[in-house]
Amino acid sequence: MIGPARRPGLRLRGVGALLAGLVVAGAIGCGGGEESPPPESGREGSEGRPSETDADRKRIRVGLVFDVGGKGDRSFNDSAYEGLTRAERDFSIQISDFEPGQDADREVGLRKLAARGYDVVIGVGFLFTEAIRAVARDHPEVRFVLVDGVIEDLPNVASLVFREHEGSFLVGALAALASDTGVLGFVGGMDVPLIHKFEAGYAAGARHVRPGVEVLVGYAGVRPEAFADPVRGKEIALSQIGRGADVIFHASGVTGLGVIEAAKDRGKLAIGVDSNQNHVAPGSVLTSMIKRVDNAIYREIEAAVQGESRGGLVELGLAEEGVGFSLDEHNRHLLSAAMLERVGALRDSIVAGTIAVPHTTGRR
């Protein structure tokens with residue numbers, strides 16, 4: 001599963017320099033709001049709030065606001081949370097998390113954390129872009145981290161973006177090589193440019209290794225709730241299976257759990273996203289397109305702990321080992337040595353620049 005740490009260079013624009021690279025998996029966006037301030041991890045005081053010592057007050061405090069689907073989605077949000085909790089273990093920081101219930105709660109959560117003096121505040125997902133822009137202007141003393149969005153005009157915001165189309169190209173190639181029918185499926189969550197990158201890369205990778213392959217495409221909706229509707233995900237997947245698809249890639253958060261369930265029920269293969277989802281249905285998940293949000297967040301927290309001052313844009317793709325695919329005991333038997341060798345060569349070609357992976361579908 002998770003391989004040893006490696007330290008490739010990162011493409012960075014802005015203040016300072018990102019610490020060394022990302023860990024990859026194998027070969028290696030996508031609840032209820034709170035009215036009271038979010039609780040911190042740690043000891044609980046007599047009034048249900050953590051008690052603080054002088055040592056506590058000197059520790060770096062990091063708060064994270066989840067995206068649609070929240071903690072426990074086994075995908076995008078859980079990857080972010082893993083980065084936060086790993087940093088807590090390694091650096092003895094204080095952490096807090098907040099699950100927004102409505103769109104406006106995103107800014108509410110950010111403001112509560114900033115107002116309480118958190119040193120680092122993280123918004124997980126492109127839906128946080130405007131909320132972080134507003135709150136970061138009001139709190140220049142706080143370091144903000146935006147995942148999947150870009151704010152380059154505020155020095156206290158680090159924007160973490162990924163070349164998802166590159167990792168999707170690889171799993172698209174694997175899907176085409178594994179397919180018996182020559183028909184593949186793609187299920188997106190919210191119909192937005194970010195998810196189009198997954199679709200574009202997937203279709204390009206499939207057609208690169210199997211030019212005649214057909215790729216069926218469906219989206220769960222045009223609102224954020226499209227990332228949290230597993231019933232709809234299963235409906236789309238079953239429709240694609242009915243049209244001949246035998247491998248289906250989802251980029252849809254919690255919605256994708258329905259896609260995986262449909263594949264398992266019908267004896268087909270699914271491809272997970274963001275986190276390693278091979279274990280969700282062992283034998284029914286061909287692989288997962290890994291997006292290392294966990295390591296990206298961890299490195300931002302590490303920089304804060306070490307006193308680095310930086311903002312700006314950090315872009316992570318195959319070369320930086322920020323995306324890729326998972327290989328473990330749950331799917332190793334599904335991927336032959338020839339398949340892995342072929343896809344390894346494709347990865348090298350993308351990193352070398354001899355294969356240019358499209359990031360748009362051309363339809364929109």
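For this structure, a couple of remarks:
- Modelled this way, with points 7 Å down the Cα-to-C-beta line, the labels at residue 332 and residue 354 are 3.0 nm from one another.
- Cut-off under 5 Å, modelled amide H: who pairs with residue 221 long-range: 191
- Rh by Kirkwood over Cα pairs, then Stokes-Einstein D for the range 258-339 at 1.002 mPa s and 20 °C, µm²/s: 147 µm²/s
- Integer Hz, Karplus 6.51/-1.76/1.60 couplings in order for the range 211-224, x for Gly and Pro: x, x, 5, 9, 10, 8, 10, x, 10, 7, x, 10, 10, x
- When you count the other C-beta atoms within 10 angstrom of each residue and take the mean per peptide, 120-129, 167-176 line up highest first as 167-176, 120-129.
- In this label model, residue 180 and residue 102 are separated by 5.0 nm, measuring between points 7 Å along each Cα→Cβ vector.
- In sequence order, calculated HN-Hα J values of the range 198-206 (Karplus, 6.51, -1.76, 1.60; Hz; x Gly/Pro): 4, 4, 4, x, 4, 5, 5, x, 4
- Residue-wise HN-Hα couplings along the range 277-292, as the Karplus relation 6.51 cos²θ - 1.76 cosθ + 1.60 with θ = phi - 60° gives them from phi, are 9, 4, 6, 4, 8, x, x, 10, 10, 4, 5, 9, 7, 7, 10, 7 Hz; Gly and Pro carry x.
- Pairs over the 23 Å Cα-Cα cut-off, from the set 112/197; 197/291; 71/112; 71/234: 112/197.
- Taking other residues whose beta carbon is less than 13 angstrom from the beta carbon of residue 234, and scoring Lys, Arg as +1 and Asp, Glu as -1, yields 0.
- Full extension of the segment from residue 130 to residue 153, taken as 0.36 nm per residue of separation minus the current Cα-Cα distance, would add 7.0 nm.
- Amide hydrogen neighbours beyond the local backbone of residue 122, cut-off 5 Å, H modeled: 63, 64, 65, 145
Taken together, the values in this text are just the output of simple stated rules run on the coordinates, not laboratory data. What you are looking at is a predicted structure, and each value in this text was computed from that prediction instead of being measured. Neighbour counts are summed over all protein chains in view; Cβ atoms, including those assigned to glycine, are modelled from backbone coordinates with ideal geometry.
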